[in-house]
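The values are calculated or read from the model by the stated rules, or taken from the named source; none is laboratory data. All figures in this text were calculated on a predicted structure; none of them were measured in a lab. Backbone-built Cβ (ideal geometry, glycine too); neighbour counts: all protein chains shown.
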Number of protein chains: 2
Amino acid sequence: MVRANELTATHALRLMRAGDLSVEALAQACLERIRERDDVVRAWAYLDPELVLRNARELDKREIKGPLHGIPIAVKDVILTEDMPTEHNSPLYKGSFPAVDAGCVKTLRAAGALIFGKTDTTEFASVTRGGTARHPLDPGRTPGGSSSGSAAVVADFQATIALGTQTAGSTIRPGSFCGIYAMKPTWGAINREGLKMLALSLDTLGLYARSAEDLDLLADVFALEDRIPVAPFELRGARIASCRSPAWDKVEPATRDAFERGIGLLREAGADVEPLELPDAFDSLGEHHATVMAGEAHVSFLSEIRAQGELLHDDVAALAKNSKGISKSALLTALDAAAACRVTFDAIAAGYDAVLTPSARGEAPEGTKTGEAALNAIWTLLHVPVVQIPGFKGPSGMPVGLSLTSPRYTDRRLLQVTRAIGPLFESSGTES
Amino acid sequence: MVRANELTATHALRLMRAGDLSVEALAQACLERIRERDDVVRAWAYLDPELVLRNARELDKREIKGPLHGIPIAVKDVILTEDMPTEHNSPLYKGSFPAVDAGCVKTLRAAGALIFGKTDTTEFASVTRGGTARHPLDPGRTPGGSSSGSAAVVADFQATIALGTQTAGSTIRPGSFCGIYAMKPTWGAINREGLKMLALSLDTLGLYARSAEDLDLLADVFALEDRIPVAPFELRGARIASCRSPAWDKVEPATRDAFERGIGLLREAGADVEPLELPDAFDSLGEHHATVMAGEAHVSFLSEIRAQGELLHDDVAALAKNSKGISKSALLTALDAAAACRVTFDAIAAGYDAVLTPSARGEAPEGTKTGEAALNAIWTLLHVPVVQIPGFKGPSGMPVGLSLTSPRYTDRRLLQVTRAIGPLFESSGTES
């Protein structure tokens, strides 16, 4: 029998409803796993086992059980929690304890979730180094970032679900590296109040889980809603676009192989897979993303550099100082080009059931830098939903995932497609 | 001699630099004014005179003085302050005290400002009734809303500067009603972290002051920066567009007269004033604004309605429940239309030194409803900077203001134009 900490949320909820599992037992199993593994994975920024168990026992006493009753949810430490500190992995916020829940945390608590602890992040989720978390399968590698700890604890069965954030590729890339499901919903679909600001037009809450069903459960709780009603979906006869993305030149063999294998699996399952080449205007989106991120981060970190600039990481200080010299004119050009491309992409992608595209350059790199977001950034800028599906492996045996995307506000449809494709990739991705 | 609480920030700073005014004396003058007037104006949600004086004395001891050294700044109670509660005028947040500063507050503190207290707002800055604040010139009237308290305390000389927010017309309209300067900067120009979320694509920090110079001082502190370098400006020969706006049918005689008088004054001063009719696509912007605001508020209030929905004001609950039934498809149509109009408006407005347009329907209405945002909403949706200039009066003797607007990220240029036009309207607006 699997240990409780290894269950998906959907499975654990079924057991709890049948009276075969208590919240406290599930919490204890996670805490035990953490005791075994924390020395290696080092993914928690804050964890108070007593608080966790006290809340677990309170949940066990509840008559009315919410849709996430007792599910251990880890929260990236750039998201406010009323009963835990929020430190952003920054000395500027050491011991900072704003006693208020971010909107997303409040919604999860109202659904009965057990907010478990805070997870390691790069400083302000804004740079590609820093943070303590290591890859659960190989501590010599990064779990990816900036949502490093959140991806690691879900992959390592230390928590059932986790919250991350994505401004470039901070949710999807670690999901791929760690071999779990990850979702970046449509920009604006989930309240971002109480998340540290990095880039206003890009920042999005990210979700981690170990099954597509669990993502769907979260989509229910966050009331994600599509632009058109979700029609039934069958893989046989489905229209899937395979999009190498304008950043294909960054792709390593591990991802190239996974991409080809994924297309092959979809075709074997009866799907119609067509290559999709995006219009020329999309070639500039990577650069536009970099402009928007730097231009908006300049505004976001003004207060920190003015208040205690000497405590900022050099890379964050560079953002605060606009060291790239992004002008407001360049920022507007990028924002307006992105807005136009959103309309175009929605129209193109509406012709398919989903668009398949890489999740990362390749396997999790060795060392402490958290990797590159080139394969994710344009989708973040387009505001479209993205789901990362695990299932493939690279030459070092490390996980490699693939992404599905679709028009803005087709998040539920995308999860429906994911529920069909996920098991296929998971069961056959690594067969030869 | 004027009392210290009646000074503009610019003037008070000059006296303090010369050693002729202490921060404590300025704070005491404001507190005395509040003691005299609070029974009538009722504009404060939180005020701790001891905290104010303690901080004032600390500032007096500082060797290095910031650009806002000792200036009393009132903060709308939907903006987080580390040393005061933030209650959003909602029973759901009664006693809530997240010990962290919003980005804007942190920036002001770093500039030496004296964060004075929290000001009255309608619930979550989201509805047109609620709140205790009354118009300083006539307690039978509203000071406007939702930034009711912030506008009232600046108009009534209880604080020197105040922060508001604007999602539709919540900063500019109260500024017009109360006869003070108000500014809504370009969307994204000032960090919105730590402001309660109402509508992600619209919410903007708002600024109140009693002079255009003071707004310019704030623009320095917030590092507002234009898309092109600011060229010298002279009213003689300036090109000003007079734009009745697509909501002109809402305008009352008080505003119509002020608008005509404003145009006359500009012409007398040698400016070339030309009527500007916006393209047909702009006629739908009012409706698009309503769609975006309702569609995004639906997401913003999910957590509150899930957590303690019974404590929400009926109007907020209606937003949380999406009682207007805004679909994601309608939301996208509105967002995309707005994005396209932004590009068009920037190009049109670039042909003028500024665009003159109404600030409100007319004088501050009687009663407790805070008035309508029809004249402001389209500019908020267009993300452009808006400055409200006082100077006119309506048939009841109540203030009426006019707005200037210009392309996105020309905030500094707009303030430069305001510094020329403001004194003209202030000195001659009510002469017959």
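Figures for the structure shown
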item: A:LEU402 buried (at least 23 other Cβ atoms within 10 Å of the Cβ) and under 20 Å from A:LEU235 (Cα atoms); result: yes
item: Filter pass, B:LEU205 being within 14 Å of another protein chain (Cβ to nearest Cβ) and assigned to a strand (DSSP E or B); result: yes
item: Flag if B:GLY194 is of a type in the set (Gly, Ala, Ser), in contact with a strand residue (DSSP E or B) (Cβ under 8 Å, 6 or more places away or on another chain) and within 14 Å of chain A (Cβ to nearest Cβ); result: yes
item: A:ASP411 vs. criteria surrounded by 21 or more Cβ atoms within 10 Å (Cβ to Cβ) and either within 29 Å of A:ARG236 (Cα to Cα) or without any contact (Cβ under 8 Å) to a residue 40 or more places away in the chain (or both); result: yes
item: Leading residue by the ranking (farthest from the chain's Cα centre (by Cα)) among those in the stretch A:139-161 that are surrounded by fewer than 24 Cβ atoms within 10 Å (Cβ to Cβ) and closer than 18 Å to A:ARG33 by Cβ; result: A:PRO139
item: Filter result (more than 30 Å from B:GLY295 (Cβ to Cβ), more than 13 Å from chain A (Cβ to nearest Cβ) and in contact with a Ser or Thr (Cβ under 8 Å, 6 or more places away or on another chain)) within the stretch B:208-241; result: B:ALA209, B:ARG210, B:SER211, B:ALA212, B:GLU213, B:ASP214, B:LEU215, B:LEU217
item: Residue list for the stretch B:153-173, restricted to those being more than 14 Å from every other protein chain (Cβ to nearest Cβ) and touching a strand residue (DSSP E or B) at 6+ places or on another chain (Cβ under 7 Å); result: B:VAL153, B:VAL154, B:ALA159, B:THR160, B:ILE161, B:ALA162, B:GLY164, B:GLN166, B:SER170, B:THR171, B:ILE172
item: Sole residue being without any contact (Cβ under 8 Å) to a residue 24 or more places away in the chain, outside the structural domain of A:ARG419 (by TED's automatic domain parsing) and either within 29 Å of A:MET197 (Cα to Cα) or not small (Gly, Ala, Ser) (or both), chosen from A:ILE79, A:ILE64; result: A:ILE64
item: Qualifying residue in the stretch B:52-64 (condition: of a type outside the set (D, E, K, R) and within 14 Å of another protein chain (Cβ to nearest Cβ)); result: yes
item: In the stretch B:33-47, the residues that are surrounded by 15 or more Cβ atoms within 10 Å (Cβ to Cβ) and out of contact with any Phe, Trp or Tyr (no Cβ under 8 Å at 6 or more places or on another chain); result: B:ARG37, B:VAL41, B:ARG42, B:ALA43, B:TRP44, B:ALA45, B:TYR46
item: Subset of the stretch B:285-304 [within 9 Å of chain A (Cβ to nearest Cβ) and β-branched (Val, Ile, Thr)]; result: B:VAL299
item: Scope the stretch A:232-249; condition touching a residue at least 24 places away in the same chain (Cβ under 8 Å) and either out of contact with any strand residue (DSSP E or B) (no Cβ under 9 Å at 6 or more places or on another chain) or surrounded by fewer than 17 Cβ atoms within 10 Å (Cβ to Cβ) (or both); matching residues; result: A:PHE233, A:GLU234, A:LEU235, A:ARG236, A:GLY237, A:ARG239, A:PRO246, A:TRP248
item: Enumeration of residues in the stretch B:102-114 that are within 27 Å of B:ARG35 (Cα to Cα) and crowded, with 24+ Cβ neighbours inside 10 Å; result: B:VAL105, B:LEU108, B:ALA113, B:LEU114
item: Only listed residue being under 30 Å from A:HIS88 (Cβ atoms) and without any contact (Cβ under 8 Å) to a residue 40 or more places away in the chain, chosen from A:GLU268, A:GLU296, A:GLU260, A:GLU310; result: A:GLU310
item: Residue within the stretch B:396-405 that is hydroxyl-bearing (Ser, Thr, Tyr), in contact (Cβ under 8 Å) with a residue 12 or more places away in the chain, under 25 Å from B:ALA281 (Cα atoms) and touching an Asp or Glu at 6+ places or on another chain (Cβ under 6 Å) present; result: no
item: Residues that are touching a strand residue (DSSP E or B) at 6+ places or on another chain (Cβ under 6 Å) and under 28 Å from A:PRO407 (Cα atoms), drawn from the stretch A:365-379; result: A:LEU375, A:TRP379
item: Hits in the stretch A:66-91 (condition: buried (at least 22 other Cβ atoms within 10 Å of the Cβ), within 12 Å of chain B (Cβ to nearest Cβ) and either of a type in the set (A, V, I, L, M) or more than 18 Å from A:GLY145 (Cβ to Cβ) (or both)); result: A:LEU68, A:VAL78, A:LEU80, A:THR81
item: Matching residues in the stretch B:92-108 - criterion: being farther than 13 Å from B:ARG192 by Cα and within 7 Å of chain A (Cβ to nearest Cβ); result: B:SER96, B:PHE97, B:PRO98, B:ALA99, B:VAL100
item: Odd one out for A:VAL127 among (1) more than 17 Å from A:VAL153 (Cβ to Cβ); (2) at pLDDT 95 or above; result: (2)
item: Selection count where residues are under 30 Å from A:ILE348 (Cα atoms) and buried (at least 21 other Cβ atoms within 10 Å of the Cβ), scope the stretch A:283-327; result: 8
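Residue by residue, here is whether (1) at pLDDT 95 or above; (2) more than 30 Å from A:VAL230 (Cβ to Cβ); (3) more than 14 Å from every other protein chain (Cβ to nearest Cβ) holds:
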{"site": "B:ALA337", "(1), (2), (3)": "yes, no, no"}
{"site": "B:ARG342", "(1), (2), (3)": "yes, yes, no"}
{"site": "B:ALA350", "(1), (2), (3)": "yes, yes, no"}
{"site": "B:THR357", "(1), (2), (3)": "yes, yes, yes"}
{"site": "B:GLY371", "(1), (2), (3)": "no, yes, yes"}
{"site": "B:ILE378", "(1), (2), (3)": "yes, yes, yes"}
{"site": "B:VAL400", "(1), (2), (3)": "yes, yes, yes"}
{"site": "B:SER403", "(1), (2), (3)": "yes, yes, yes"}
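Each row is one residue, and each column tells you yes or no for (1) without any contact (Cβ under 8 Å) to a residue 40 or more places away in the chain; (2) assigned to a loop (DSSP other than H, G, I, E, B).
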residue: A:SER96; (1), (2): yes, yes
residue: A:ASP101; (1), (2): no, yes
residue: A:LEU108; (1), (2): no, no
residue: A:VAL127; (1), (2): no, yes
residue: A:THR132; (1), (2): no, yes
residue: A:GLY145; (1), (2): no, yes
residue: A:ALA152; (1), (2): no, no
